[in-house]
Structures are given as structure tokens and as C-alpha cells.
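S.K.: Handing you this structure, nothing more for now.
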Amino acid sequence: MEPSNILSADVLDIIFDARNKDYGAYDLRKNYQRRLMKAVLSMFFIVILLLIAYFLVAAIKPKATAMVVVNDITLDKIADKQKIDLPPVIPPPVKQIVEIKTKMFTQFLITPDDKVPDNEKPPEQTELVDAKIGT
């Protein structure tokens, strides 16, 4: 392209100056606006046609005004024919609460044996076999 034509040339012509314009990319870019407008307008008309068809079908379709009759069912008739004797409900046996003896088992202070009162002495291991330890 000549330097005098560069200022008045289209950007697309400058990009494809020394390239092959026949394989399709040049034509696709050159006619992009026209193809975009065709696509937008065609989608607009399709949506308008669908809306018109929807409203026409809704206007032509008759409204269903038939009432549904519901027959009530009386359960007394069924209950008389099929009387079921249920066995009496027996409550489960009450579990007896077994009291667990507790022994005091806390942190100890190291003191001589003769200075420890009897109520603060640690329990023997044989006493703790079936006891729950607590404070």
C-alpha cells in the first residue's frame, strides 16, 4: 500500500495489505456488521412471532369451567365391617437403677503416714474393682 493511502484506508485493508484476501477471513471481517444485524433482527422477529402465537392460542383456547364433584367417604361404614381387636399395650419392664458406690480418688499430698486422718486415706485397690471413681 502506498504511504499516501494509509491515512484514508480502512484498518482491515491495512491488516490484509500483503496477505491473501481470497481464503475467507477478509470477507468474514468485512461483512461482520451486516451478519450481526441479520442475526439480531432474525432472533427478534422469531421471539415476536412466538409471543404472538402464544397469545393467539391462549385467546382461542376455551376456558375450562367444568366443576369437579367430590363424593365424601364416610369412614364409619368401613369401620363397622372390619373391626380389628388390637392386643393391649404392655409397657416395657422398668429397669432397676443399680447404685454404684463411689470412692474418693483425688490428688494426694505427700505427707507422713501418721499425720494423715483416716477419712483422707486413699482406698485400697481391691475396693476400687467395682466402684466408680469420683470426687
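S.K.: Search the range 13-40 for residues that are without any contact (Cβ under 8 Å) to a residue 60 or more places away in the chain and pair each with any residue that is assigned to a loop (DSSP other than H, G, I, E, B) when their beta-carbon atoms are under 8 Å apart and the residues are at least 6 apart or on different chains.
M.R.: Taking only residues 6 or more apart or on different chains, the pairs are ASP13/MET1; ILE14/MET1; ILE14/ILE6; ASP17/MET1; ALA25/PHE16; TYR26/PHE16; TYR26/ARG19; ASP27/LYS21.
S.K.: Another one. Please enumerate the residues belonging to the range 28-61 that are within 30 Å of VAL11 (Cβ to Cβ), open to solvent by less than 90 Å² (accessible area, probe 1.4 Å) and modelled with pLDDT under 95. Working first, answer last.
M.R.: Of the residues in the range 28-61, the ones within 30 Å of VAL11 (Cβ to Cβ) are 28-44.
So of that shortlist, the ones also open to solvent by less than 90 Å² (accessible area, probe 1.4 Å) come out as 31, 36, 39-42.
Hit for the range 28-61 is ASN31, nothing else.
S.K.: Can I ask one more? Does any residue of the range 67-84 turn out to be modelled with pLDDT of 70 or more, surrounded by 10 or more Cβ atoms within 10 Å (Cβ to Cβ) and assigned to a loop (DSSP other than H, G, I, E, B)?
M.R.: Scanning the range 67-84, I find no residue that is modelled with pLDDT of 70 or more, surrounded by 10 or more Cβ atoms within 10 Å (Cβ to Cβ) and assigned to a loop (DSSP other than H, G, I, E, B), so the answer is no.
The values are calculated or read from the model by the stated rules, or taken from the named source; none is laboratory data. Predicted model only: the values in this text are computed from it and were never measured. Virtual Cβ from ideal backbone geometry, glycine too; neighbours counted across all protein chains shown. Calculation scope for accessible area: heavy atoms of the full protein, side chains included, ligands and nucleic acids excluded. Shrake-Rupley method; radii C 1.70, N 1.55, O 1.52, S 1.80 Å.
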